[in-house]
Each structure stands twice: as C-alpha cells, then as structure tokens.
Amino acid sequence: MLNRLTDALDFQAQALNLRSERQRLIASNIANADTPGYVAREMNFAQALKNATGAGQTASTLAASQPGHIVDTSATQGGTFSTLMYASASQTNLDRNTVDMDRERASFADNTVKYEATLRFIGSNVKTTLSAITGQ
Amino acid sequence: MSMMNIFNVSGSAASAQSQRLNIVASNLANADTVAGPDGTAYKARQVTFQTQLMGANASDPTAAGVKVSTITEDQTVGRRVHDPKHPSADADGYVTYSNVNAVEEMVNMISASRSYQNNVEVMNTAKSLLLKTLQMGQ
C-alpha cells in the first residue's frame, strides 16, 4: 500500500537526481569554454532516465554467488556515464574546443526550468499525500 | 548532492579566469616598459587552461573543472624604437620595449571577463536551485 504512495515520488526523485547531474555536466562545459582540446559532453536524458528507473533494462545481470566470482558492474557503473555523448563542434575551432556557448547556455536554462518543474511535481505530490492523510 | 559540485567546477573556472585577467593586467601595465638592467624587456605572458576532473569518482567526466596548467612567456622580439637620448638606449641608439600587443590583451580581457560572468551566473542559478530544493514539500 505504502509503495503506491512512494512509487510516483521515487520516479520524480530519480528525475531530479538526473537533472542535477545534467546541470553539473553543463556547468562543466561552460567552465571549460576556454580550455584547449576540451570536448563538450551532453546527456541523453531520456535514455538515462530509462536506465535509472529500470524501464529500459531487459538483459538480466550476472549473479556473483561464489567468493571467486567477479561482480559484473557494467550495468550499474555505466549508469549515467554510459548515456553521455560527445558534442560535435558547430563551428570548428583552432584549439579543438567543441563547447558552443549559445547551446550550453540554452541547455542550462532549459535544465533549470525542468529541474524546478520536477521540484514542483514532488511538492504537489507531497501535498496530495498530506491532504489524503489529514482527510480534509 | 551532486549539484554541490557545481560550485567547485564553476569556482575553479572563475579562479582560472581571474588568473588570466591578472596576467592581462600585468601585460597591459607593462606595455610600455623598456629593457631593464638585465638587457631584456618584459615579455608578454599567456595562461594555458587544462581540464581538471573534480568528481568523487576520478573517472567521472560530469564534473570537469579548470586549472591553469602553465604560464608561458611570448618569445617574440620586443618593439625597438630609435631614441638616442633615452637613458636605456643601446650603442646604436635603439630602445627595446616590451613585446606586449595592447589590442590582443584587450580582446583577451573581454573574453576573460565574459567567461567569468558566465560562471558566476551558473553558480547563482545552482544556488537558487539548491535553495528551492531545501524548501521541497513545504
């Protein structure tokens, strides 16, 4: 019963976590706008969210039941890193830096708004649950 | 709290940019200095940035800060002006000035200050998001 209440919250929590990671990723790109040779990264958000919530996982993981077994960490470690992609340069640069500041600023603003949206979703979810508990 | 790292990332970038601004300031300040007692004039300096991974996990590419890796001196020959009355003139009457290019330095300054502003804005946004996260569910 209780997990019905918390399942929706769990999903939003995962989304919030990924949003904050994407925020950090874009901040890193902006920070390295003048670093020679830096290649901008971008997150495939839909895929990352699928991975995080387990919606896209069909392959079963290997069990490590004996002391000699090597734990298969590829599925868990991959996490958000595996959904990271390299951004190609929109305009080539002499120092091989591929950060496009306009695109990064737009992504940053977009991610900010979506982060706040997720926060609101969580807030209203909590309010709904609270009003159900108090029965008013 | 993965967003806490934004302050480290953007902070390192702001610090690197301010170091670049500092170098620009000393280059501009020395734009008109002549050769000192050692016979060589001031040489323009330039910073080189390098990515510095700052995540809890060393291979985490999502927290990439910046550091100044090296400061290099521009080795081109300084401006030489014929001025025999100048106390620092050599035997032929030429005075060697520093090799600072004021136009280049101004461009560098504007670029550094814009990058600095960008990073400050990123930190402000991250701060307001974190504050809103603290008020979650209220």
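Summary table below
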| item | result |
| --- | --- |
| Condition met for B:S12 (closer than 30 Å to B:D90 by Cβ, at pLDDT 90 or above and part of a helix (DSSP H, G or I)) | no |
| Residues that are out of contact with any Asp or Glu (no Cβ under 7 Å at 6 or more places or on another chain), facing chain A (nearest Cβ under 9 Å) and in contact (Cβ under 8 Å) with a residue 60 or more places away in the chain, drawn from region B:110-128 | B:A112, B:N119, B:V122, B:M123, B:A126 |
| Residues of region B:92-112 satisfying the condition of being surrounded by 15 or more Cβ atoms within 10 Å (Cβ to Cβ) and closer than 24 Å to A:A33 by Cα | B:N101, B:E105, B:N108, B:M109, B:S111, B:A112 |
| Pairs with Cβ under 7 Å, 6+ apart, first in region A:90-116 and on the phi > 0 side of the Ramachandran plot, second of a type outside the set (K, R) and surrounded by fewer than 18 Cβ atoms within 10 Å (Cβ to Cβ) | A:R96/A:P36; A:R96/A:G37 |
| For B:N57: the one exception among (1) in a loop (DSSP other than H, G, I, E, B); (2) in contact (Cβ under 8 Å) with a residue 40 or more places away in the chain | (2) |
| Of the criteria (1) over 23 Å from B:T48 (Cα atoms); (2) without any contact (Cβ under 8 Å) to a residue 40 or more places away in the chain, which one A:A8 fails | (2) |
| Of all residues making up region B:100-109, the number that are within 14 Å of chain A (Cβ to nearest Cβ) and of a type in the set (S, T, N, Q) | 1 |
| Check on A:T53, touching a helix residue (DSSP H, G or I) at 6+ places or on another chain (Cβ under 8 Å), modelled with pLDDT under 90, β-branched (V, I, T) and under 30 Å from B:V122 (Cβ atoms) | yes |
| Extreme residue, nearest to the chain's Cα centre (by Cα), among residues of region A:30-42 that are within 21 Å of A:K114 (Cα to Cα) and facing another protein chain (nearest Cβ under 8 Å) | A:R41 |
| Residue among B:A29, B:A89, B:A64 that alone is closer than 30 Å to A:T83 by Cα and among the aliphatic types (A, V, I, L, M) | B:A64 |
| Where B:A89 falls short, out of the listed (1) surrounded by fewer than 17 Cβ atoms within 10 Å (Cβ to Cβ); (2) assigned to a loop (DSSP other than H, G, I, E, B) | (1) |
| Restricting region B:92-109 to residues that are assigned to a loop (DSSP other than H, G, I, E, B) and touching a residue at least 40 places away in the same chain (Cβ under 8 Å), the residue that is farthest from A:R105 (Cα to Cα) | B:S98 |
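Residue-by-condition table, conditions (1) modelled with pLDDT of 90 or more; (2) more than 9 Å from every other protein chain (Cβ to nearest Cβ):
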| position | (1), (2) |
| --- | --- |
| B:T62 | no, no |
| B:G65 | yes, no |
| B:T70 | yes, yes |
| B:E73 | yes, yes |
| B:V77 | no, yes |
| B:R80 | no, yes |
| B:D90 | no, yes |
| B:Y94 | no, yes |
| B:S98 | yes, yes |
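The values are calculated or read from the model by the stated rules, or taken from the named source; none is laboratory data. Worth saying up front: this structure is predicted, and the values here are computed from it rather than measured. When we count neighbours, we look across all protein chains shown, and the Cβ atoms used for this are built from the backbone with ideal geometry, even at glycine.
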